[in-house]
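What follows is a single structure, written as structure tokens, with notes after it.
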Ligand code: LLP
């Protein structure tokens, strides 16, 4: 189309990692769920369904969840981390259907709020296979969790130890607990930082001795059973160097508790945080490879300490649901904006935005996207996909090449939105949160419906 920026002339306007694709219609497989396909007509299919047909029923924006892909990723963690308990971190995305799939695939479930616990219980998840996190669980929330028979409560403060002990004593049960510790390691993507102390709200610091003191206090209560330590070092991590440092420190405390307090804890949880591909920059490892590396770190450290290897568990959220879901939007407007350097950026506005995916605005997160409703042989242009909210930071995909004839009415699909997309969605600007449609073998099932105006107005008492 005339007026569009000529190909190849994007110096300074596109990120270093973004390459103009050889075929702008093609999918980059690592970014998509396993059943995602495009035919010669450019129409995206997921779970055997054509996305344009799917959204003709449910409208856009919509999250499309590939059930087979979700289950396969859950199994890859279960089988890859053989001998571990794998707790799916429900904070990434949880619904009744998903909680059921998690149980059916043999995983346990990590919840971190009363609401998530409600979903888990409603789905019929065995409470003994639920772990309950959070740095400020109320007495009421704890009572409900203990009463429901939640297998492990991950305690996060001295106040909470007393609170859980009281609740369990009142209910006449012995509650399994784990102690959340901070190992002084913060890992993000390819880097980690190891420090002597930890300036954040979660857990008991190992370095300061708070972790040991927490164990002493837990062991002082007959109503509590100390099952182990818990350490979560960060999110969207690609290599295991952070676990190496954290593992050494956590197992050091594990051994110290046995030695000083005479209690050998049967378990150890190493948290979640395994990275996924949002763009071609990211290169996630296979769960079995991660498992081999982490197991080697733990067994090596246990051998050095002369202790038995505890029963291990992990808590992946993003790496299971993230790539299983994409978001489908309809293009509403297309605008060319001339930048200082004279280059042109094509702004493509879609019918969602920061209310259905806050991650670009909150974390400067990168995503990619593709034209999902047709093929195009137009020259690709450097585009920025933006939402419809009243905020300039309302970006859906910061940088992507899209066909130069992108136009109102086209569908755009953004892969890898499953983790923390719907779960952090909001009603900003009174947006209605989109539905989650599960697809499998040519069948679609709405597992979370779109909000309605009545939902919005129901809490406004006039
Ligand atoms: N376990 C614990 C104790 C956690 O705090 C978390 C995440 C997980 C497991 C799961 O981590 P995952 O495997 O999903 O990375 N909203 C942010 C992520 C916050 C993660 C908080 N904790 C985002 O959108 O990137």
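No lab work stands behind these numbers, since they all come straight from the coordinates. Just so we're clear, the structure is a prediction, and the values are computed from it rather than from any experiment. We place every Cβ from the backbone using ideal geometry, glycine too, and count neighbours over all the protein chains shown.
A few points about this structure:
- Rounded to the nearest 5, the antiparallel percentage of DSSP beta bridges internal to the range 260-407 is 65%.
- With 0.36 nm allotted per residue and the present C-alpha distance subtracted, the residue 429-residue 453 stretch has 7.4 nm of extension available.
- With Cα atoms, 0 to 90° folded angle of helix 67-80 axis to the chain main axis: 40
- Cα centroid separation, the range 32-62 to the range 313-340: 15 Å.
- Prolate/oblate/rounded call for the range 68-320, Cα gyration tensor, a/c under 1.5 rounded: oblate
- Residues 243, 17 arranged by fewest to most Cβ contacts within 10 Å: 17, 243
- Residues 153, 358, 193, ranked from the fewest to the most other C-beta atoms within 10 Å, line up as 193, 358, 153.
- Angle between the chain longest axis and helix 241-261 axis [Cα atoms, degrees, rounded to 10]: 20
- Per-residue ellipticity at 222 nm from helix content only, as computed over the chain with -39500 (n - 2.57) for each DSSP H run of at least four residues, stands at -8500 deg cm²/dmol.
- Residue exposure proxy: 302, 369, ordered by other Cβ atoms within 10 angstrom of their Cβ from fewest to most, comes out as 302, 369.
- Inter-label distance for residue 259 and residue 305, nm, one decimal - labels placed 7 Å from Cα along Cα-to-Cβ: 1.0
- Alpha carbon convex hull of the chain, volume per residue in cubic angstrom: 155
- Relative contact order (%) - the chain, alpha-carbon pairs under 8 angstrom, separation at least six: 21
- Spin-label model distance (nm) - residue 280 vs residue 128, 7 Å beyond Cα toward Cβ: 5.1
- Axis of helix 287-305 versus longest Cα principal axis of the chain: the two differ by about 30°, to the nearest ten degrees.
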